[in-house]
Amino acid sequence: MPFITVRRTIWAAAAAVFAAVLLAAALPLIASTQIVRNRITQEMGAWSGYRVILGQAPEIRVWPNFHATLNDVTLAEWGTDGRSPVVRAERVEIDLSAIEALRGEVAFSRVRLFRPTLYVQRRTADLYLPPAPSGGRIARSVQLARAAVKKNPASPDPAAIASDPFGTIEFSDGRIVTSVDGKELELITGIAGSVSWPALNRAASLSATGIWRGENVALNLASDQPLVLFAGGNVPVSLGMKSAPLTISFTGTANVSEGAFVDGNVKFSSPSLRRMLEWSQADVAAKASIGSIAVSSKVSGNARRLKFDHAEITLDGNPGIGALDVSIDDGIPGISGTLAFDSIDLRSFLAAFTPFASLENVGAKAASQSGFIRHTNVDLRLSAVKATAGSVALANVAATAQVKPGLAVFDVSDASAFGGGLQAGVRIDHKPEGNHVELRFHATDVDGAQIAKAFGLTALFPQATGSASLMLKGIGRDWETVMDTGEGQISATFGAGKVPGIDFAGFLKRAKGAGFFPLSAVSKGTLAIDSLDLKATMSDGVAALDKAEVKSSGQIITFTGLVPFVDRGLALSGTIYPAPKPASASKDAPKAAGDTTQPAPATDTHPTAAFFVGGSWSAPYISPIYPSTIPE
């Protein structure tokens with residue numbers, strides 16, 4: 001019996017080997033028949049819905065797996081000769097089912113595309129798509145799924161969803177191109193990745209890398225029900241994109257029908273907002289220095305409007321919270337909402353959301369090239385416990401930023417700075433002749449010493465408590481030309497304090513002399529002041545002093561003249577008077593009850609010294625008016 005059992009085992013093994021040999025011998029014969037070769041192209045066309053054109057007959061390989069190689073493959077729209085392809089690949093390798101091949105059928109399990117090119121057409125400003133197929137198994141499956149979604153949008157019948165097996169598509173060294181003026185333009189290059197979709201009613205995923213606008217980009221997309229998604233249903237999806245300028249991820253529910261929407265959680269970050277905007281080819285403050293940005297938020301909405309709730313925003317390392325609406329109205333993007341920060345750099349904020357960081361960005365040249373101010377709507381309300389604007393430290397800031405086509409407005413309605421209160425605003429109207437700019441500034445009860453320290457003013461700035469205001473209008477392509485054409489009013493009032501950088505005794509002595517001298521020659525000293533009052537009118541970039549008076553220890557110093565902003569020069573006349581003494585009250589003229597007025601002071605019109613101030617802002621020169629011209 002043992003001998004019989006061994007013999008039967010040997011015969012069974014021999015039969016199995018013989019069957020395998022016959023199968024291996026039969027497969028090439030069957031698979032190489034013209035009907036199987038034709039079925040490969042037919043099956044590709046049946047799935048894609050495009051006409052499949054092969055440059056050469058398929059090459060069939062049996063070992064180590066059943067495999068077909070297709071060279072010079074073109075997928076084109078039906079009714080064309082293939083000269084306007086949809087997809088073209090140098091080589092396509094297909095893994096086939098050996099069992100199906102024995103029956104003369106073709107079933108793909110894996111398809112590899114080498115150096116494929118996808119040809120797309122521009123549908124909108126930022127959307128490129130290939131021509132839609134006229135039919136095909138996938139297109140018909142989408143139509144069936146669309147009917148199921150229409151019947152029950154919340155829960156389509158799974159039985160109505162096609163369940164055909166699909167497989168895996170891999171691709172390498174691919175391109176996406178379009179045609180501009182008859183010439184081929186590459187949009188994305190170096191594409192490599194795969195689509196994994198076991199069956200049409202199962203989950204699918206896409207993983208790909210490529211080079212877009214000079215940057216390496218990695219994309220991952222997954223959906224539990226891709227066929228329902230294509231049919232316009234609401235389906236859970238996840239999306240991830242990584243690149244050097246931008247990283248973004250989304251998890252939630254999406255719909256890609258005509259009323260497309262998303263509802264889920266989004267995160268995106270960029271180490272340099274400026275680099276991200278340049279990469280996205282957005283004409284937004286391109287010359288501004290903009291730092292990092294990171295956003296984590298719940299997002300909902302459609303292609304026309306997205307709402308970001310409970311948004312956590314970190315701008316240049318400064319965290320904040322708020323709510324934002326991003327919308328598209330007549331092709332113009334808009335951003336509105338409210339943001340609150342513990343601390344914020346206002347320059348980074350303005351550079352991120354508005355064109356104020358670089359006035360040139362809203363000039364005539366930029367506007368003609370679809371500049372920010374002509375193609376964006378912004379309406380943001382900002383609050384911050386602490387803020388900086390260059391070297392200026394602010395607290396308890398409340399501000400608004402508004403941008404409309406042709407108009408930009410930024411207002412700080414309330415802020416604490418330099419020990420007092422601060423309000424400021426800028427308005428830019430783009431006109432054909434240039435930017436019409438209005439500047440507004442008002443400071444109340446501020447500490448001049450703090451201002452001097454913030455701006456590095458070591459001399460000739462009053463270190464006293466005071467108030468100042470500026471109202472200015474100008475036209476120009478940048479801030480300098482706006483100041484050169486500016487018209488408006490300037491005023492400042494300071495109380496008792498000091499003005500460092502001037503030796504008044506030395507100045508007075510030399511001002512009574514006969515030779516001119518630089519102000520720096522009498523800079524080693526400090527002038528104690530009782531008050532300082534300044535009022536000036538600006539016209540065409542030149543400030544004309546209406547009143548400039550300094551009171552100091554029984555002396556009154558007055559100035560008249562012009563201060564041009566164009567060349568930063570000085571053309572002033574100064575006079576030093578002794579302070580008038582109060583007149584003695586008359587003993588024979590008693591005051592009426594309740595009369596608290598003081599007698600008018602006696603005036604002395606004889607100046608102590610007179611001088612001319614010339615030179616420049618940075619290097620003033622004093623030219624005394626000879627003592628002989630001053631009455632004794």
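The numbers here are math on the coordinates, done by the rules we state, and not lab data. In this text the structure is predicted, and so the values were computed from the model without any measurement. Neighbour counts run over all protein chains shown; Cβ positions are idealised from the backbone, glycine included.
Compactness of segment 122-201 was expressed as the Cα radius of gyration divided by 2.2 N^0.38 Å, which yields 1.46.
Return an integer: the convex hull volume of the alpha-carbon atoms of segment 145-270, in Å³ per residue.
On the way: hull volume 17.0 nm³, N = 126.
Expressed per residue, the convex hull around the Cα atoms of segment 145-270 is 135 Å³.
The label-point distance for Lys473 and Lys453, in a model that sets each label 7 Å from Cα toward Cβ, rounds to 3.9 nm.
All other residues whose Cβ lies under 15 angstrom from that of Arg202 are scored, Lys and Arg at +1 and Asp and Glu at -1, for a net of -2. Site pair Asn265 and Thr560 shows an inter-label distance of 7.3 nm when each label is modelled 7 Å from Cα along Cα→Cβ.
A Förster radius of 25 Å, combined with the Cβ-Cβ distance separating Ala398 from Asp329, puts the computed FRET efficiency at roughly 0.40.
Based on a Kirkwood Rh over C-alpha pairs, give the Stokes-Einstein translational diffusion coefficient of segment 456-513 at 20 °C and viscosity 1.002 mPa s in µm²/s. Kindly include the intermediate steps, with their values, before the conclusion.
On the way: Rh = 14.4 Å.
Translational D for this selection: 148 µm²/s.
For Ala46 and Ile211, calculate 0.36 nm times their separation in residues minus their Cα-Cα distance, and state this gained length in nm to one decimal.
Numbers: separation 165, 0.36 × 165 = 59.40 nm, distance 3.13 nm.
56.3 nm is the gain from fully extending Ala46 to Ile211.
Using a 7 Å offset from the Cα along the Cα-to-Cβ direction at both Glu59 and Arg304, what is the distance between the two label points in nm, to one decimal? Those two pseudo-labels are separated by 5.5 nm.
Please give the length that would be gained between Ser616 and Thr251 if that part of the chain were fully extended, namely 0.36 nm times their separation in residues minus their C-alpha to C-alpha distance (nm, one decimal).
125.2 nm
Centre-to-centre separation between the Cα atoms of segment 209-227 and those of segment 384-405: 38 Å. Let me know the whole percent of all Cα-Cα pairs from segment 176-247 that are separated by more than 21 Å. Tail of P(r) above 21 Å: 42 percent of Cα pairs.
Positive contributions from Lys and Arg (+1) and negative ones from Asp and Glu (-1), summed over other residues with Cβ under 12 Å from the Cβ of Pro156, come out at +2.
The alpha-carbon of Lys512 sits under 17 angstrom from the alpha-carbons of these aspartates and glutamates, leaving out residues fewer than 8 places away in its chain: Asp503, Glu632.
Using C-alpha pairs below 8 Å separated by at least 6 residues, the relative contact order for segment 184-230 is 34 percent. Candidate cross-link partners of Lys498 among the aspartates and glutamates, defined by an alpha-carbon separation under 13 Å and a same-chain spacing of 8 or more, comprise Asp447, Asp530.
For Ala154 and Asp546, what does the FRET efficiency come to when R0 = 60 Å and r is the distance between their Cβ atoms, rounded to the nearest 0.05?
E(calc), rounded to 0.05, equals 0.20.
For segment 483-571, report the translational diffusion coefficient in µm²/s to the nearest whole number, using Stokes-Einstein at 37 °C, 0.692 mPa s, and a Kirkwood Rh over Cα pairs. Value of D from the Cα-based Kirkwood radius: 227 µm²/s.
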